[in-house]
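Everything on this sheet refers to the single structure shown next.
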Amino acid sequence: MTSTILGSAQPIPNTIQEILNSIDRNNSEIKAQQQQTNAMKFENSSQNNMSDPTVNYSSFYSNSSEGGHGTELVATQGFDFPTQYIARNRRAKLQNEALDLQHYSFRREILLNAKKICLDLVMLNKEQKLMKERGKRADELMQLYEKRLSTGDANILEVNKVKMERMNVQADIARNNAAHRTALQQLLAMNNNMPLEFDGTEYPTLIEIKDADMFRDEVIGRDLDLQSAEFEIRAADKDISVNKQGWLPKLEVGFRRNTSIVDAENGFVVGGSLPLFENRKKVSIAKAKALSAKLKKESMQQQKEGAILSMLNEMKQLDDALKGYDVKLMYSSLELLEKSLVLGQISLIEYFVEAEAIYSNLQSYMQLENQYQKLMADLYKNSL
């Protein structure tokens, strides 16, 4: 089946990888998430800004008999102890690394969903090819039995049976077309309504998994969620250091000018504050958050390792089931059945019973093949 949505003069993506690349460029959710990530990164960096300078101006008058008027101008700039800026800057970098990885994880899930839709389209294209072959056989049988009916070699019940077969095939093709169109519309929406088409009938080539434990470790090592969790742990550890330095004094320097009737005085202002109250419990809070981040990562890793082993086991079961199907034998059996029917070696009822079983097995094979491909897509999702 070849399906095209919204024709365009530009090259239209029509392979799985081309479609994924196009969605990566055009998807509105990915773009929105990128902007959200950028905003959060700016917010992390802004936490290390110096405080705003302050300016105070005072005007005062004397109540003495001589009178008099004076003014005072004070401009000051406060700042934290210098090592705190270094620590907060390192913490922000680690937090930003975690945010980037979270964005890549979000992008990955969208592309994984798109890839699975493409894999469904491969199955639907395979099924439609099979349905068309089945419909062609039904048309040939219709011509044969109408001719036999005219010569008295067949009865009306047999002709009606062939007609029912043709109707069933047409209904299956209609359902297939609807599912195919729905899948393409989903891809179109993910591609921000940019045109695409897909008529592939071959799945991506898969790499054989020889060592399950080694493969599990490889997948765990590439997992974006775990990488992000690791940076969150490192950021939380750095936050402990930041809060420990919160006990250091805050400094303030500035310029001061006093004026009176006689003359003016200029000078400097130097001061500071001791955070005796505002930093209480902050180190304990930071330590609790760091421990929580570590425990969350451990739990996440255990769940992911279990999920990977479960998928590998399911893939093994599917692989064994797929090896039990002899596709070439089933297609050749369909041809032999048709020849036997034409030669009168089997009845029409026998033909439909056997053919229906073969068609059912072929569709089961295609569905198992699709499940296997989707499991592999899940396992390799961090490579998208």
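In a reduced charge model with +1 at each Lys and Arg Cβ and -1 at each Asp and Glu Cβ, segment 88-216 shows a dipole moment near 600 debye about its Cα centre. Each Lys and Arg contributes +1 and each Asp and Glu -1, all at the Cβ; summed about the Cα centre of the chain, the dipole is approximately 780 debye. Structural descriptor for the chain: relative contact order 25 percent, calculated from alpha carbon pairs under 8 angstrom and at least 6 residues apart. Straight-distance candidates among the aspartates and glutamates for linking to Lys129, with alpha-carbon spacing under 15 Å and chain neighbours fewer than 8 residues away dropped: Asp120, Asp172, Asp199, Glu202. Ranking Ile346, Met315, Leu336 by Cα position along the charge dipole of segment 290-384, where only Lys, Arg, Asp and Glu carry charges on their C-beta atoms, puts Met315 farthest toward the positive end.
Taken over the Cα atoms of segment 304-373, the convex hull encloses 72 Å³ per residue. For the chain, set up a Gaussian network in which alpha carbons nearer than 10 Å are linked by springs, and say which option among Asn160, Asn26, Asn48 fluctuates the most. Residue with maximal mean-square fluctuation among Asn160, Asn26, Asn48: Asn160. Among the protein heavy atoms, those of Thr151 account for about 90 Å² of accessible surface (1.4 Å probe, every chain in place). Taking every DSSP beta bridge that has both ends in the chain, the antiparallel portion is near 100%. At a probe radius of 1.4 angstrom, the accessible area of segment 52-159 per residue rounds to 53 square angstrom. For Lys250, go through the aspartates and glutamates and keep the ones whose alpha-carbon is under 19 Å away, minus same-chain ones fewer than eight residues off. Filter leaves Asp52, Asp80, Asp239, Glu278. Pairs of Cα atoms in segment 17-95 fall into 10 Å distance bins, from 0 up to the last occupied one, in shares of 14, 20, 18, 16, 13, 9, 5, 3, 1, 0 percent.
I'd like the FRET efficiency for Lys294 and Gln77, computed as 1/(1 + (r/R0)^6) with the beta carbon distance as r and R0 of 56 Å, rounded to 0.05.
0.90
Pairs exceeding 25 Å between alpha-carbon atoms, taken from Lys136/Lys323; Lys163/Lys328; Lys116/Lys296; Lys210/Lys304; Lys116/Lys136; Lys31/Lys282: Lys136/Lys323; Lys163/Lys328; Lys116/Lys296; Lys116/Lys136; Lys31/Lys282. Counting heavy atoms of the protein chains alone, Leu157 has an accessible area of about 130 Å² for a 1.4 Å probe. Tell me, what is the FRET efficiency for Leu157 and Gln186 to the nearest 0.05, using R0 = 41 angstrom and their Cβ-Cβ distance as r? Efficiency, from the Cβ-Cβ distance: 0.40. Label positions at Ser273 and Met164, each projected 7 Å from the Cα along the C-beta direction, are separated by 8.8 nm. A Förster radius of 41 Å, combined with the Cβ-Cβ distance separating Gln302 from Ala39, puts the computed FRET efficiency at roughly 0.80.
Each principal axis of segment 43-140 carries a Cα extent, and these read 125, 31, 10 Å when sorted largest first. Determine the distance separating the Cα centre of segment 220-268 from the Cα centre of segment 115-187; give it in Å without decimals. If we compute the Cα centre of each part, the gap is 72 Å. Considered as an equivalent ellipsoid built on the Cα gyration tensor, the chain has semi-axes of 77, 25, 13 Å, the largest given first.
Derived scalar couplings between HN and Hα for segment 305-322 equal 4, x, 5, 5, 5, 5, 5, 5, 5, 5, 5, 4, 5, 5, 4, 5, 5, 5 Hz in order, rounded to whole Hz, by the Karplus curve 6.51 cos²θ - 1.76 cosθ + 1.60 (θ = phi - 60°), x for Gly and Pro.
Other residues whose C-beta falls under 13 angstrom from the C-beta of Tyr351 contribute a net charge of -4, scoring Lys and Arg +1 and Asp and Glu -1. Among the GluC sites (Glu not before Pro) in segment 276-317, those placed in a DSSP loop whose Cβ has at most 15 other Cβ atoms within 10 Å are Glu278. Counting charges near Ile156 (Lys, Arg +1; Asp, Glu -1) among other residues having Cβ under 12 Å from its Cβ returns a value of +1.
Ignoring the sites themselves, what is the longest stretch of the chain with no trypsin sites (Lys or Arg not before Pro) in a DSSP loop and at most 13 other beta-carbon atoms within 10 Å? After excluding every exposed loop site, the longest remaining stretch is 1-209. Within the accessible surface of the chain, defined with a 1.4 Å probe on protein heavy atoms only, the carbon and sulfur portion equals 53 percent. The residues packed around Leu322, meaning those with a beta-carbon under 13 Å from its beta-carbon, carry a net charge of -3 if Lys and Arg are +1 and Asp and Glu are -1.
Close amide H contacts of Met194 (hydrogens built in the peptide plane, cut-off under 5 Å, sequence separation of 5 or more or a different chain): none are found.
Multiplying the residue separation of Tyr331 and Ser59 by 0.36 nm and subtracting their alpha-carbon distance yields 87.8 nm.
Computed from the alpha carbon positions, the gyration tensor of segment 123-217 leads to an equivalent ellipsoid with semi-axes of 42, 21, 10 Å, biggest first.
The values are calculated or read from the model by the stated rules, or taken from the named source; none is laboratory data. Bear in mind that the values here come from a model prediction, so they are computed numbers and not experimental data. Positions of Cβ are generated from backbone atoms using ideal geometry, with glycine treated the same way; all protein chains shown enter the neighbour counts. Just the protein is used for accessible areas: all its heavy atoms, side chains included, with ligands, DNA and RNA removed. Shrake-Rupley method; radii C 1.70, N 1.55, O 1.52, S 1.80 Å.
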